[in-house]
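What follows is a structure written as structure tokens; I'll ask about it next.
The values are calculated or read from the model by the stated rules, or taken from the named source; none is laboratory data. These figures come from a predicted structure and were not determined experimentally. Here the Cβ positions follow ideal geometry from the backbone for every residue, glycine too, while neighbour counts run over all protein chains shown.
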Amino acid sequence: MAYAIRIHQHGGPEVMKWEPVDVGAPAAGQIKLKQHAVGLNYIDTYHRSGLYNLGSLPVVIGSEGAGEVVAVGAGVTDIKVGDRVAYASQPGAYAEERLIAADRVVKLPDGIDYRTAGSMMLKGMTVRYLLRQTYKVGPDTVMLLHAAAGGVGLIACQWARHLGATIIGTVGSEEKATLAKAHGCTHVINYRAENFVARVKEITGGKGCDVVYDSVGKDTFPASLDCLKPFGLWVSFGNSSGPVQAFDVITLAQKGSLFATRPTLVTYTAKREDLLANANDLFEMVGKGIVKIQVNQTYALKDAAQAHRDLEARKTTGATVLLP
């Protein structure tokens with residue numbers, strides 16, 4: 001019998017229970033994984049709290065992981081027992097073993113270990129679509145990146161630096177400022193000590209940014225819009241401080257004919273070919289050392305509740321791995 005973290009009701013970290021689960025055999029089109037590493041992501045706290053509802057309870061939460069294939073269902077031909085694979089945006093990750101659709105996993109290159117893979121798939125593929133699809137970042141891009149020392153932030157700093165962008169990052173401490181700077185952030189703003197809108201205007205000579213990547217939400221809105229130049233794009237892809245409340249769309253006109261989007265990795269990787277293209281780009285960046293994945297915290301999977309407490313208290317930096 002395998003164990004997993006399940007929730008029977010929505011709420012704080014205390015609702016997470018370490019329980020035995022009957023995983024069973026894979027159905028047609030599925031594979032069974034023995035998991036070696038599970039990633040911790042802010043979206044996991046939304047599933048736990050009910051902000052993003054996964055459906056009927058009880059349910060195993062968690063969105064990314066990496067492991068070894070131990071069984072395959074009927075009709076699965078491109079994945080075999082013994083393969084090393086990883087995945088993202090597939091709820092049910094906080095488990096020693098799990099079933100998953102075979103077309104939602106990708107094979108790992110030899111040079112990427114389980115802990116690295118288990119911590120980078122959701123964050124790394126998110127960065128890839130943000131920088132290469134939602135807004136095509138290049139040498140002329142001036143971007144504002146909130147939470148620049150977080151899991152997504154540190155990957156985005158490295159990748160955007162490689163693309164030649166000017167990166168303005170916000171952080172909540174001097175230690176995090178040092179970390180973001182070390183990973184390629186051009187300018188770092190400690191929002192606890194400085195007004196980030198005023199500093200962005202100062203850094204850009206009053207012009208503003210081409211794009212704002214905002215995973216913070218309530219605490220950075222609508223100020224993020226004031227950091228954009230006319231026709232700029234506000235990308236809201238998370239809400240670590242709480243969701244953005246409804247706003248009048250005329251605000252976008254008043255602040256410079258701005259654009260706004262709320263993208264998700266699920267949509268950008270819905271097709272198998274898009275998933276593979278995204279993952280292969282990430283593997284290339286990591287394989288060449290352009291993006292280095294920094295696993296700064298590890299917890300036993302059974303201690304996931306403490307990991308959630310630390311994440312929500314903003315005590316973590318970079319990536320965090322839960323070990324089954």
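Out of the residues in the range 169-186 that are in contact with a Ser or Thr (Cβ under 7 Å, 6 or more places away or on another chain) and under 14 Å from Gln294 (Cβ atoms), which is surrounded by the most Cβ atoms within 10 Å (Cβ to Cβ)?
Leu179
On to the next question. Quickly run through the range 173-196 and pick out the residues that are of a type in the set (A, V, I, L, M, F, W, C), in a loop (DSSP other than H, G, I, E, B) and touching a helix residue (DSSP H, G or I) at 6+ places or on another chain (Cβ under 7 Å).
The one that is of a type in the set (A, V, I, L, M, F, W, C), in a loop (DSSP other than H, G, I, E, B) and touching a helix residue (DSSP H, G or I) at 6+ places or on another chain (Cβ under 7 Å): Cys185.
Has the range 80-92 got at least one residue that is over 22 Å from Arg314 (Cα atoms) and among the aromatic types (Phe, Trp, Tyr)?
Yes, because at least one residue in the range 80-92 is over 22 Å from Arg314 (Cα atoms) and among the aromatic types (Phe, Trp, Tyr).
Specify the residue that is nearest to Leu276 (Cα to Cα); the eligible residues are those in the range 42-62 that are β-branched (Val, Ile, Thr) and either in a strand (DSSP E or B) or in contact with a Pro (Cβ under 7 Å, 6 or more places away or on another chain) (or both).
Per the criteria, the residue is Ile61.
Another question about this same structure. Report, by residue number, each residue of the range 63-75 that is assigned to a loop (DSSP other than H, G, I, E, B) and touching a strand residue (DSSP E or B) at 6+ places or on another chain (Cβ under 6 Å).
Across the range 63-75, the qualifying residues are Glu64, Gly73.
Which residues, counting only those in the range 190-237, are under 25 Å from the mean Cα position of the chain (by Cα) and of a type in the set (Val, Ile, Thr)?
Result: Val197, Val200, Val211, Val212, Val216, Thr220, Val235.
On the given criteria, is Thr264 surrounded by fewer than 19 Cβ atoms within 10 Å (Cβ to Cβ), within 30 Å of His47 (Cα to Cα) and at pLDDT 95 or above?
So Thr264 fits the description; yes.
Mind checking whether some residue in the range 201-216 is in a helix (DSSP H, G or I), at pLDDT below 95 and either of a type in the set (A, V, I, L, M, F, W, C) or touching a His at 6+ places or on another chain (Cβ under 8 Å) (or both)?
No, the range 201-216 contains no residue that is in a helix (DSSP H, G or I), at pLDDT below 95 and either of a type in the set (A, V, I, L, M, F, W, C) or touching a His at 6+ places or on another chain (Cβ under 8 Å) (or both).
Also, I was wondering about something else. Residue check: is Arg132 modelled with pLDDT under 95 and outside the structural domain of Ala319 (by TED's automatic domain parsing)?
Judged against the criteria, Arg132 is not a match.
Taking interchain pairs and intrachain pairs at least six residues apart, which have beta carbon atoms under 9 angstrom, with the first residue in the range 43-71 and over 22 Å from Ile31 (Cβ atoms) and charged (D, E, K, R) and the second assigned to a strand (DSSP E or B) and at pLDDT 95 or above?
So the pair list comes out as Arg48/Ile7; Arg48/Met16.
Select from the range 9-57 the residues that are surrounded by fewer than 18 Cβ atoms within 10 Å (Cβ to Cβ) and under 17 Å from the mean Cα position of the chain (by Cα) and write down the one among them that is farthest from Lys107 (Cα to Cα).
Leu51
Hey, another quick one. Does any residue of the range 238-254 turn out to be assigned to a strand (DSSP E or B), under 18 Å from the mean Cα position of the chain (by Cα) and of a type in the set (Gly, Ala, Ser)?
No, every residue in the range 238-254 fails to be assigned to a strand (DSSP E or B), under 18 Å from the mean Cα position of the chain (by Cα) and of a type in the set (Gly, Ala, Ser).
Tell me which of these Lys207 doesn't satisfy, since it passes every other one: (1) of a type in the set (Lys, Arg); (2) out of contact with any helix residue (DSSP H, G or I) (no Cβ under 6 Å at 6 or more places or on another chain); (3) under 28 Å from Ser89 (Cα atoms).
Here Lys207 meets the rest and fails (3).
Please specify each residue of the range 281-322 satisfying the condition of being in a strand (DSSP E or B), over 11 Å from Leu40 (Cβ atoms) and in contact (Cβ under 8 Å) with a residue 60 or more places away in the chain.
none
I'd like the full set of residues that are surrounded by fewer than 22 Cβ atoms within 10 Å (Cβ to Cβ) and among the β-branched types (Val, Ile, Thr), limited to the range 58-76.
Of everything in the range 58-76, those that are surrounded by fewer than 22 Cβ atoms within 10 Å (Cβ to Cβ) and among the β-branched types (Val, Ile, Thr) turn out to be Val59, Val60, Val70, Val72, Val76.
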